[in-house]
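**Student:** Sending over a structure as C-alpha cells; questions will come in a sec.
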Amino acid sequence: LPSPLIPLIYTLLASSALRDWLKLFLMGGLLEAARRVLGQSWTLDGFFSGLYLHVRIEREDEAYDWLLAYFMSIPAFRRTRNLCVSTRSRGKTGSNYIEGCHCSECSRNKPKKEDDLGKRLHYLPAYECDYSFFFAGTWVTVMRTRENGGAAVPMGVTLTSMDALQLRILSISPTRGRTVLERLLSRAKAEFDKDEEERISVWVGDQYGGWTRAASKLRRPWSSIVLDPGVKDTLLADARDFLSTQAWYVQRGIPYRRGYLLHGVPGSGKTSLIHALSGELGLDIYVISLSKRTMDDQALNDIVTQLPPQCIALMEDIDCAFKKGIAARVSDDTTDPAQEGKAGPAAPAGLPRIGEDLGAAAVGNITLSGLLNAIDGVAAHEGRLLFATTNVREALDPALIRPGRMDVVLEFKNASQSQAEALFRCFYPVEEPGEEPEAGKSKHFAGPPPAAALPLTPPRTPTDPAGTPTLTVEPLPSTAVADIFTRAARDALAARFAAAIPEREFSMAALQGYLMLHKIDPVKCVDGVEAWIVEERERKVKKK
C-alpha cells in the first residue's frame with residue numbers, strides 16, 4: 001500500500017464504532033445467508049423436506065372422498081379461518097365439491113328448517129391452504145389443490161379442473177410414514193363407510209378416462225320394487241350367485257362378467273330396479289354415458305378399464321347412442337299391448353331393421369365395434385355387473401345382445417292389476433299395535449297421523465275448459481284416514497284400486513304419479529281413480 005494510506009487504515013481500525021459496524025454487517029450477512037439456505041432446503045426437497053413423506057391423492061380416487069370428509073370433521077378444520085363456501089347440492093354433476101358430509105358435527109348443525117335460500121351451506125377446505133394436525137402422534141399437513149390441464153380443448157367442451165389432496169407426513173423413516181398413511185386412510189374409510197352405510201355412491205365417467213363421484217343416494221328398499229311375481233327375486237339370486245362364484249368361472253376359462261338387458265316401455269321401473277339392487281348387494285353404480293359428445297371409443301375403453309373389481313356398470317338408453325331420435329319417438333302412449341313380448345325381423349316404423357349396421361349411423365363418437373370391445377374385448381374389465389336399458393329392443397344389433405354380452409334379458413311392461421295392488425299397499429303401509437312393521441314400511445313412516453294433525457291434501461286434479469290440469473287443495477275430512485286405516489281395510493281398498501286399473505294400459509310411473517296426489521288419503525285415491533283414467537285417456541287422444 002502507499003505509505004500515506006497506512007496511517008489512515010490504522011486510524012479507522014482503531015475506531016470502536018467502525019469495529020461494531022463491521023460486526024453487525026457480518027452477522028447480518030450470515031443471518032440472511034442462513035435464511036436463504038433454509039428456505040431453499042424447505043421448498044426444493046432439501047434437508048427439511050426430506051423429513052416428510054409426500055402423498056398426492058387425485059380427485060378421481062375414492063380415497064379423496066374419504067380424506068376430505070375426515071378432514072372436515074377434525075378440530076383443526078373447524079378452527080381454521082380459510083374456507084370455501086358452497087351451496088351446491090350433493091352430487092351435482094360436474095361439481096368440484098364433495099358435499100353432504102354426514103359426520104356428527106354436520107348432523108348436529110343441520111338446520112331444522114331450510115333457510116331463505118332453501119339451501120344448506122357447505123364449508124370446505126380452501127385451495128392452496130395448509131391444514132395441520134396430529135394423527136397417531138405424527139404431524140400431518142394437508143393442502144387442497146386445483147389445476148387445469150394444459151391440453152387443447154375442443155370448442156364446446158368444458159375444461160375440467162383437476163383437484164387433488166396433497167399430504168405431508170413428518171417422519172424420518174419412510175416406513176413409519178407409510179404406516180401412518182395407511183392408518184389415516186383406514187380411519188377415514190371406516191368413518192366414511194359408517195356414515196354411508198345406508199347409502200350408495202353414483203359415479204360418472206369423464207372424457208379423461210377417470211371416474212367422478214357424482215351423488216350419494218339412500219338405499220332403496222328392495223321391497224319397494226313392484227314387478228311381476230318372481231322377476232326381481234330371480235334377478236337378485238342370479239346376481240348374488242355371480243358375485244360368489246368367481247373361482248367357478250376361472251376354473252372353466254369363462255370370462256368373469258355378467259350382462260343384463262332391461263327393455264320395455266318407459267316408466268316401467270328399469271332404473272328403479274337397478275337402484276334397489278345396488279343397495280341390496282352393497283355395490284356402487286358407475287354410469288357410462290354413451291351420448292356424451294366427448295365420449296369416443298378410446299375414452300369408453302379407458303373408463304371401462306378403470307372400473308373397480310365389483311360394481312354395477314350402467315348404460316342407460318343404449319339404443320340412443322347409435323340412432324338419433326329413437327327415444328323421442330317412443331313413449332308409453334304409443335305402446336300396443338297386443339304386440340308386447342313379440343320380436344320379429346321388422347322393427348317399428350323409422351327404426352333400422354335387425355342386423356342393420358348401427359355403427360355407420362352413429363350420431364356420437366361411439367361406434368358399435370368400440371362398444372362391443374368395451375363389453376367383452378380382450379381388455380374388457382371383469383368382475384362387474386353390466387346393466388343396459390333400452391325402450392326399443394328391436395333397435396339393437398343382435399351382436400350386442402347375444403349371450404356372453406347380455407346374459408339375462410328382462411322385459412318390462414305396463415302395470416298389471418297385481419302390480420297396481422302391490423303398489424297401493426306399498427304406498428299405504430300399516431303397523432298395527434303389537435305387530436312387527438310391515439314389509440316395505442319405511443322407518444320414517446309411523447302410520448297415519450291423528451285426525452287433528454292431518455295436513456291439507458290435494459284431491460283429484462280436474463281440468464279447466466282449456467284442458468290444462470289444475471290443482472285445488474281442500475281440507476281432509478277428520479275421519480278419512482283414522483277410522484279406516486287398518487290392514488284389512490287397506491287391503492280392501494287395494495283390491496278396489498287394482499280392479500279399476502286396466503290391465504297393461506298405464507305405466508308404473510303413471511300410477512305412482514297419481515298415488516302421489518293422495519299420499520295420506522287412500523279413500524279419496526280409490527274414489528278418484530276412475531275419473532283419472534278417463535282424463536289420462538283423453539290426454540293421450542289429444543296428444544296423438
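The values are calculated or read from the model by the stated rules, or taken from the named source; none is laboratory data. Predicted model only: the values in this text are computed from it and were never measured. Positions of Cβ are generated from backbone atoms using ideal geometry, with glycine treated the same way; all protein chains shown enter the neighbour counts. Keep in mind that these areas ignore ligands, DNA and RNA; they rest on the heavy atoms of the full protein, side chains included. Shrake-Rupley method; radii C 1.70, N 1.55, O 1.52, S 1.80 Å.
**Student:** If I ask for residues that are farther than 24 Å from Asp302 by Cβ and over 18 Å from the mean Cα position of the chain (by Cα), which ones from region 190-210 would you list?
**Tutor:** Ala190, Glu191
**Student:** Sticking with this structure for a sec: Applying the selection to region 258-289, what residues are in contact with a Gly (Cβ under 8 Å, 6 or more places away or on another chain) and under 23 Å from Glu62 (Cα atoms)?
**Tutor:** Tyr286, Val287, Ile288, Ser289 - these are the residues of region 258-289 that are in contact with a Gly (Cβ under 8 Å, 6 or more places away or on another chain) and under 23 Å from Glu62 (Cα atoms).
**Student:** Now a separate question. Could you run through region 160-210 and say how many residues are hydroxyl-bearing (Ser, Thr, Tyr) and open to solvent by 70 Å² or more (accessible area, probe 1.4 Å)? Quick ask: steps written out before the conclusion?
**Tutor:** Here is the first cut: in region 160-210, the residues hydroxyl-bearing (Ser, Thr, Tyr) are 160-161, 171, 173, 175, 179, 186, 201, 208.
Retained after the next criterion (residues that are open to solvent by 70 Å² or more (accessible area, probe 1.4 Å)): 175, 186, 208.
Looking only at that region, the number is 3.
**Student:** If a residue counts only when it is at pLDDT 55 or above and open to solvent by less than 30 Å² (accessible area, probe 1.4 Å), which strands (runs of 3 or more DSSP E) contained entirely in region 21-126 have at least 3 such residues?
**Tutor:** Where strands (runs of 3 or more DSSP E) fall fully within region 21-126 and carry at least 3 residues being at pLDDT 55 or above and open to solvent by less than 30 Å² (accessible area, probe 1.4 Å), they are 122-125.
**Student:** Scan region 491-544 for residues that are open to solvent by 10 Å² or more (accessible area, probe 1.4 Å) and among the aromatic types (Phe, Trp, Tyr) and jot them down.
**Tutor:** Trp532
**Student:** To continue, here is another question. Restricting to region 239-261, count the residues that are more than 22 Å from Asn391 (Cβ to Cβ) and within 24 Å of the chain's Cα centre (by Cα).
**Tutor:** Taking region 239-261 as the starting set, the residues that turn out to be more than 22 Å from Asn391 (Cβ to Cβ) are 239-258.
Restricting the remaining residues to those that are within 24 Å of the chain's Cα centre (by Cα) gives 239-240, 242-243, 257-258.
Residues in region 239-261 being more than 22 Å from Asn391 (Cβ to Cβ) and within 24 Å of the chain's Cα centre (by Cα): 6 in total.
**Student:** Any residue at all in region 259-281 that is among the aromatic types (Phe, Trp, Tyr) and open to solvent by 10 Å² or more (accessible area, probe 1.4 Å)?
**Tutor:** No: region 259-281 contains no residue that is among the aromatic types (Phe, Trp, Tyr) and open to solvent by 10 Å² or more (accessible area, probe 1.4 Å).
**Student:** Answer with yes or no whether Pro266 is out of contact with any strand residue (DSSP E or B) (no Cβ under 6 Å at 6 or more places or on another chain) and modelled with pLDDT under 90.
**Tutor:** Judged against the criteria, Pro266 is not a match.
**Student:** Could you list, ordered by first residue, the pairs with Cβ atoms under 8 Å in which the first is in region 164-175 and outside any strand (DSSP E or B) and the second is of a type in the set (Ser, Thr, Tyr), at least 6 apart or interchain?
**Tutor:** Ser171/Tyr52; Ser171/Thr138
**Student:** Out of (1) without any contact (Cβ under 8 Å) to a residue 12 or more places away in the chain; (2) part of a helix (DSSP H, G or I), the odd one out for Glu197 is which?
**Tutor:** So Glu197 meets the others, but not (2).
**Student:** Here are the criteria: (1) open to solvent by less than 50 Å² (accessible area, probe 1.4 Å); (2) at pLDDT 85 or above; (3) assigned to a strand (DSSP E or B). Tell me which single one Phe134 does not satisfy.
**Tutor:** Of everything listed in (1) open to solvent by less than 50 Å² (accessible area, probe 1.4 Å); (2) at pLDDT 85 or above; (3) assigned to a strand (DSSP E or B), Phe134 misses just condition (1).
**Student:** Loosely packed, with under 13 Cβ neighbours inside 10 Å, over 29 Å from the mean Cα position of the chain (by Cα) and modelled with pLDDT of 55 or more, is that true of Arg146?
**Tutor:** The answer is no for Arg146.
**Student:** Residue pairs, Cβ under 6 Å, 6 or more apart or interchain, first in region 238-262 and of a type in the set (Ser, Thr, Tyr), second open to solvent by 50 Å² or more (accessible area, probe 1.4 Å). List them.
**Tutor:** That search, which allows pairs on different chains as well, returns Tyr256/Gln246; Tyr256/Glu382.
**Student:** Right, another one. Where the second residue is part of a strand (DSSP E or B) and among the aromatic types (Phe, Trp, Tyr) and the first is outside the structural domain of Tyr286 (by the TED database) and surrounded by fewer than 22 Cβ atoms within 10 Å (Cβ to Cβ) and lies in region 378-395, which pairs have Cβ atoms under 8 Å and are six or more apart or on separate chains?
**Tutor:** none
**Student:** Kindly provide the set of residues from region 219-234 that are part of a loop (DSSP other than H, G, I, E, B) and within 18 Å of Val408 (Cβ to Cβ), ordered by number.
**Tutor:** Of everything in region 219-234, those that are part of a loop (DSSP other than H, G, I, E, B) and within 18 Å of Val408 (Cβ to Cβ) turn out to be Ile225, Leu227, Asp228, Pro229, Gly230.
**Student:** Please go through region 398-413 and give me each residue that is open to solvent by less than 30 Å² (accessible area, probe 1.4 Å) and in a loop (DSSP other than H, G, I, E, B), ordered by number.
**Tutor:** Met406
**Student:** So which residues in region 211-231 are more than 17 Å from the chain's Cα centre (by Cα) and surrounded by 19 or more Cβ atoms within 10 Å (Cβ to Cβ)?
**Tutor:** Within region 211-231, Ile225, Val226, Leu227 qualify.
**Student:** Give the residues of region 504-544 that are more than 35 Å from the chain's Cα centre (by Cα) and of a type in the set (Asp, Glu), sorted by residue number.
**Tutor:** The answer is Asp527, Glu530, Glu535, Glu538.
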